[in-house]
Amino acid sequence: MPSSWLFALAGGSMIGAAGALLLLTHGRIAGISGVLGSLLPPTAVRDRGWRVAFLGGLLAAGVVAAAFAPAAVGASVRSLPLVIVAGAIVGFGTRLGSGCTSGHGVCGLSRFSLRSMVAVVTFMTTGAITAWLAGGWS
Amino acid sequence: MTAVADCGLRCRLLSIVLAVVAGGLFGAGLLISGMTQPARVIGFLDVTRGWDPSLAFVMGGAVVVYALAFRWIRRDRRDPWFDVTFHLPTRRDLDAPLLVGAALFGVGWGLGGLCPGPGLVAAASGSITGLAFAAAMIAGMFLQHLSARVRAGGSA
């Protein structure tokens with residue numbers, strides 16, 4: 001379906017522009033797991049203002065979506081316990097691996113970072129294998 | 001431009017507003033692109049069941065825009081607007097935490113169909129799935145910080 005490709009491209013371009021805006025104004029990498037994780041104890045950072053503001057804007061998008069475009073947030077395809085397991089693994093893994101789809105995927109690949117390229121290939125591979133395996137029994 | 005050190009109230013306010021705008025634009029991009037739809041994400045990751053490759057254009061579009069902007073922003077080594085320097089990763093080594101962490105992240109992403117940004121956006125939309133995912137994700141991050149501290153010998 002061609003329109004889904006266009007929405008993906010448009011949304012992706014907005015994500016790239018948002019990351020660029022944060023780099024231009026604050027000199028920071030727009031990695032969601034890093035921005036969120038660095039606010040959490042016991043290794044929280046002191047420089048919180050821009051992080052809280054950036055996450056606030058991100059959360060505001062979700063609130064606006066709930067009001068005007070609820071279909072933009074899709075239903076889960078897994079049971080609630082599996083979603084919780086998935087969330088915990090994502091949280092632990094992104095902090096251990098220093099990034100997620102935004103920090104490694106968008107910002108890192110754009111800067112030709114070797115670490116990010118390896119990370120992206122790794123999480124794409126394990127993601128594909130897991131989605132395939134999980135599709136068989138849930 | 002102005003550095004944080006000599007940044008007045010209006011300038012600080014503007015810096016916060018622009019960070020909110022960046023976050024909002026990021027979230028809107030996630031919503032429009034389809035990344036907040038677990039079924040789409042899993043349909044992209046699982047290449048064996050009617051593969052939907054369209055989400056590749058999310059990262060593709062984002063990387064093209066960010067890469068071009070990155071070159072422009074860094075063109076003459078000017079400082080960012082609201083900080084005295086850029087905070088860019090400098091490490092180039094491939095270590096076990098990077099590989100294990102990325103592998104784990106992929107497992108969680110392929111299982112739930114949500115990565116951190118879409119998880120937070122879904123939570124803010126009030127979806128039970130999103131709230132459960134985000135709470136578990138924050139707990140997982142906290143656990144990683146704790147385990148890293150224990151490994152480091154409990155020192156600050």
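The values are calculated or read from the model by the stated rules, or taken from the named source; none is laboratory data. None of the values given here were measured: they were computed from a predicted structure. When we count neighbours, we look across all protein chains shown, and the Cβ atoms used for this are built from the backbone with ideal geometry, even at glycine. Note: areas computed on protein heavy atoms with side chains; ligands, DNA, RNA excluded. Shrake-Rupley method; radii C 1.70, N 1.55, O 1.52, S 1.80 Å.
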ask   = Could you list, in sequence order, the residues of the range B:93-122 that are at the interface with chain A (Cβ under 7 Å from one of its Cβ atoms), open to solvent by 20 Å² or more (accessible area, probe 1.4 Å) and of a type outside the set (V, I, T)?
value = B:L94, B:P97, B:L99, B:A103, B:L104
key: Every residue from the range A:16-40 that is more than 22 Å from B:M59 (Cα to Cα), more than 7 Å from every other protein chain (Cβ to nearest Cβ) and of a type outside the set (S, T, Y)   = A:L39
query = Is it true that A:T25 is surrounded by fewer than 24 Cβ atoms within 10 Å (Cβ to Cβ), under 25 Å from B:A67 (Cα atoms) and more than 19 Å from the chain's Cα centre (by Cα)?
reply = yes
Selected residue (only one of B:A22, B:A5, B:A39 is small (G, A, S), open to solvent by 20 Å² or more (accessible area, probe 1.4 Å) and modelled with pLDDT of 95 or more) = B:A39
ask   = How many of the residues making up the range A:1-42 are closer than 20 Å to B:A56 by Cα and in contact with a Cys (Cβ under 8 Å, 6 or more places away or on another chain)?
value = 4
task = Looking only at the range B:134-154, decide whether some residue is farther than 28 Å from A:V121 by Cβ, exposed (fewer than 13 other Cβ atoms within 10 Å of the Cβ) and at the interface with another protein chain (Cβ under 7 Å from one of its Cβ atoms).
result = no
query = Among the residues of the range A:45-60 satisfying the criterion of being more than 7 Å from chain B (Cβ to nearest Cβ) and in contact with a Ser or Thr (Cβ under 9 Å, 6 or more places away or on another chain), which is nearest to B:A123 (Cα to Cα)?
reply = A:R51
query = Could you count how many residues in the range B:110-125 are assigned to a helix (DSSP H, G or I) and within 12 Å of A:H104 (Cβ to Cβ)?
reply = 1
query = within 25 Å of A:G12 (Cβ to Cβ), aromatic (F, W, Y) and either part of a helix (DSSP H, G or I) or open to solvent by less than 10 Å² (accessible area, probe 1.4 Å) (or both) - does that describe any residue in the range A:81-93?
reply = no
note = Over the range B:44-90, the set of residues of a type in the set (G, A, S) and within 21 Å of the chain's Cα centre (by Cα) is B:S54, B:A56, B:G60, B:G61, B:A62, B:A67, B:A69
query = Quick one: how many residues across the range A:109-138 are part of a helix (DSSP H, G or I), closer than 20 Å to B:F70 by Cα and either among the basic types (K, R) or within 13 Å of the chain's Cα centre (by Cα) (or both)?
reply = 2
remark   = Filtering the range B:44-92 down to residues that are more than 7 Å from chain A (Cβ to nearest Cβ), open to solvent by less than 80 Å² (accessible area, probe 1.4 Å) and assigned to a helix (DSSP H, G or I) yields B:F44, B:P53, B:A56
key: Filter result for the condition that a residue is surrounded by 18 or more Cβ atoms within 10 Å (Cβ to Cβ) and not hydrophobic (A, V, I, L, M, F, W, C), over A:G105, A:G56   = A:G105
task = Among the numbered conditions (1) under 21 Å from B:V21 (Cβ atoms); (2) in contact (Cβ under 8 Å) with a residue 12 or more places away in the chain; (3) within 7 Å of chain B (Cβ to nearest Cβ), tell me where A:R95 comes up short.
result = (1)
